[in-house]
Structure formats: structure tokens, C-alpha cells
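Reviewing the structure listed below.
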Amino acid sequence: MNLSVKIGHVTFKNPVTVASGTFGHAERYYNLEEVKRLGAIVPKTVTFHPQVGNAPVRIFETPSGMINAIGIENPGIDGFIAQKLPALKKTGVPLIISILGHSEEQFTGIIERLNAQDGIAAVELNLSCPNLNHKVLVAQDPVATTRLVKKMKSLTKFPIIAKLSPNVTDIAEIAQAAEDGGADAVSLVNTFSAMAIDIKTRKSRIGNFTGGLSGPAIRPIALYMVQKVAAEVKIPIIGMGGIMTAGDALEFLIAGASMIAVGTGNFINPRAPIDVLEGIESFMNEHKISDIREIIKSLKK
């Protein structure tokens with residue numbers, strides 16, 4: 001059977017990947033033979049300068065979900081290239097490098113450094129960075145989204161994937177803006193803004209006061225947003241948001257995603273992405289489907 005999908009000029013052997021920041025450390029997981037079956041790996045988002053992240057508490061479990069406010073702790077792009085990238089490349093799994101700049105200049109600096117590397121399949125622009133002109137996230141501003149995507153697309157040799165925030169009025173409008181800027185794909189959704197309160201202390205349970213909600217609690221909304229975007233753009237979609245099982249993943253594929261990413265599920269079951277992949281294969285065998293494209297965007301009305 002053919003499970004391969006294409007983003008830009010890159011072909012991935014299957015549609016299963018992992019959401020940025022949810023899949024452990026290279027020395028623990030990435031050399032396992034099973035991991036090498038994944039269609040792609042998306043390491044934790046990398047910034048221009050090193051970041052220590054937010055003060056604890058960084059994670060709080062909620063009904064059917066999890067709030068996190070890690071703060072994109074990472075060694076910075078130079079540290080990532082020196083310390084993390086060599087081990088990642090040894091897996092032989094295509095790498096989608098997620099990046100975030102706090103200015104256009106920082107995005108440019110990261111792209112320039114990645115252009116000098118090999119073994120990278122694509123770059124994901126985490127657009128959850130502030131748009132300094134309007135005090136909103138880039139992913140909340142269609143004009144800023146188009147401008148930043150267009151600039152990075154002109155600089156890089158890699159396919160560009162724009163990661164979108166669900167915290168908007170119309171996510172399809174932002175996806176169209178990314179497509180207009182030349183994005184080769186969009187990934188959605190990122191986490192929903194959320195909080196939890198300790199009623200005894202009357203303080204937030206999150207050290208950063210608020211955080212991002214992920215997990216099965218957001219899946220129906222994420223699925224709706226993927227379907228809505230799929231109806232409006234022609235570029236591929238990487239769908240995510242509470243995918244725990246192959247059935248969940250198949251819903252996203254049917255709704256219009258070309259690839260899917262497992263995120264919070266990895267905290268519960270590190271083998272979740274492999275279980276999802278095997279489940280998709282079993283579904284295709286059972287229903288005598290020879291090509292994944294027979295499933296993608298096959299939603300009936």
C-alpha cells in the first residue's frame with residue numbers, strides 16, 4: 001500500500017509525525033528502530049537565542065487534556081545545530097525543524113543557519129510570536145502572516161510549513177494568508193489559551209499564569225478547524241489536536257489533513273505514534289484501500 005504524502009518537493013513515506021516539543025530526547029527515543037518508521041520527526045521549537053523557559057508549575061492536567069506553559073526552553077539555534085541536530089539526523093527520519101523568532105530578523109538568522117545544514121526536510125514557522133506592530137501574534141494577523149511567510153520562503157531552500165494558532169476568529173483566513181505568502185503547507189492547531197485556578201490559594205495553577213490547552217478535550221474543535229481550512233486552501237495540512245488513536249488520526253485525514261501529528265498522547269504512551277501508524281495500515285488493509293490519498297479529504301456530506 002502507498003502511504004506516502006508530499007509537501008513541497010519532499011515526499012514523506014507515511015503521514016504520521018509528532019507535534020513539536022512532545023517527543024522526548026534524542027538520546028532516549030530517536031535511535032529506537034520503531035521511531036525510524038515515522039513519516040517525520042518535529043523536534044521542539046528552536047529560537048534564535050537560548051531560552052530557559054517559564055517558571056514552574058509548567059504543566060497541569062485538566063479533564064481530558066493538559067495545560068502547558070513550558071516557555072519554549074531550548075539551546076538556541078547555534079546550540080541546536082551543535083548539540084541536537086547530529087543525533088536527530090542519525091535516525092534517518094525526515095526532520096521538520098520548528099522555529100520561532102521574536103522578530104523578522106531573528107527568523108531570518110535562524111533560516112540562514114539552517115540553510116547551511118543538510119539532513120533537513122522542511123521548516124515549520126511557529127507563528128505564535130508577537131507581531132510587534134500590533135501587539136498580537138503573527139498567527140492572529142493575516143497581513144503579518146503573509147509578510148513573514150513570504151520573506152522566509154524567499155530565503156530558504158526548504159519547504160515552509162506555517163503553524164497556526166486556533167485563538168483566532170477565522171483560522172481559514174489565516175491559512176489563506178499563509179498560502180498567499182507561499183507556504184507549502186499549514187499545520188493546525190496549536191494549543192488553545194487556557195488557565196486553571198487553585199481555589200484554596202486563589203492563584204493560577206500555572207507559573208506563567210496562563211498556558212496552552214492540548215489533548216482530547218480540544219480534538220473536536222481542532223477537527224472542525226482542519227475541515228474548515230481544507231475547504232479553503234489547496235496546500236497540504238498537517239492536522240493535530242488531541243490525536244490519541246488511529247481512529248482519531250483517520251478522522252483528521254478524512255477531514256482534509258494530509259499528515260497528522262501526535263502530541264499530548266506521547267506523554268501517556270511514548271509508542272502512540274507507532275500505534276497510530278499501525279492502526280492506519282490495519283484500516284487500509286481491512287477496507288482494501290491501496291493508497292492513502294483515497295482517505296485524505298474524503299469527508300461525505
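Please indicate, with yes or no, whether at least one residue in region 145-166 is of a type in the set (F, W, Y) and touching a strand residue (DSSP E or B) at 6+ places or on another chain (Cβ under 7 Å). Yes: region 145-166 contains one or more residues that are of a type in the set (F, W, Y) and touching a strand residue (DSSP E or B) at 6+ places or on another chain (Cβ under 7 Å). Would you check if T210 is surrounded by fewer than 20 Cβ atoms within 10 Å (Cβ to Cβ) and polar (S, T, N, Q)? Against the criterion (surrounded by fewer than 20 Cβ atoms within 10 Å (Cβ to Cβ) and polar (S, T, N, Q)), T210 qualifies. Residue-level check: of (1) in contact with a strand residue (DSSP E or B) (Cβ under 7 Å, 6 or more places away or on another chain); (2) closer than 25 Å to S258 by Cβ, Q140 misses just (1). Would you check if there is a residue in region 109-119 being at positive phi and either open to solvent by 40 Å² or more (accessible area, probe 1.4 Å) or at pLDDT below 95 (or both)? Yes, because at least one residue in region 109-119 is at positive phi and either open to solvent by 40 Å² or more (accessible area, probe 1.4 Å) or at pLDDT below 95 (or both).
Restricting attention to region 80-129, the residues being among the aromatic types (F, W, Y) and farther than 22 Å from V189 by Cβ number 1. Candidates in region 276-291 are the residues that are assigned to a helix (DSSP H, G or I) and of a type outside the set (A, V, I, L, M, F, W, C); of these, the one that is surrounded by the fewest Cβ atoms within 10 Å (Cβ to Cβ) is E286. When Q83 is evaluated against the numbered criteria (1) free of Cβ contacts under 8 Å to residues at least 24 places away in the same chain; (2) polar (S, T, N, Q); (3) under 25 Å from L137 (Cβ atoms), which criterion, by number, is the only one it fails? The failed condition is (3).
Just wondering, is there one or more residues in region 183-195 that are open to solvent by 40 Å² or more (accessible area, probe 1.4 Å), of a type in the set (A, V, I, L, M, F, W, C) and more than 24 Å from L299 (Cβ to Cβ)? Yes.
The values are calculated or read from the model by the stated rules, or taken from the named source; none is laboratory data. Keep in mind that this is a model prediction, so the values were computed, not measured. Quick reminder, even Gly has a Cβ in these numbers, built from the backbone with ideal geometry, and neighbours come from all protein chains shown. SASA here: full protein model, heavy atoms, side chains in, ligands and nucleic acids out. Shrake-Rupley method; radii C 1.70, N 1.55, O 1.52, S 1.80 Å.
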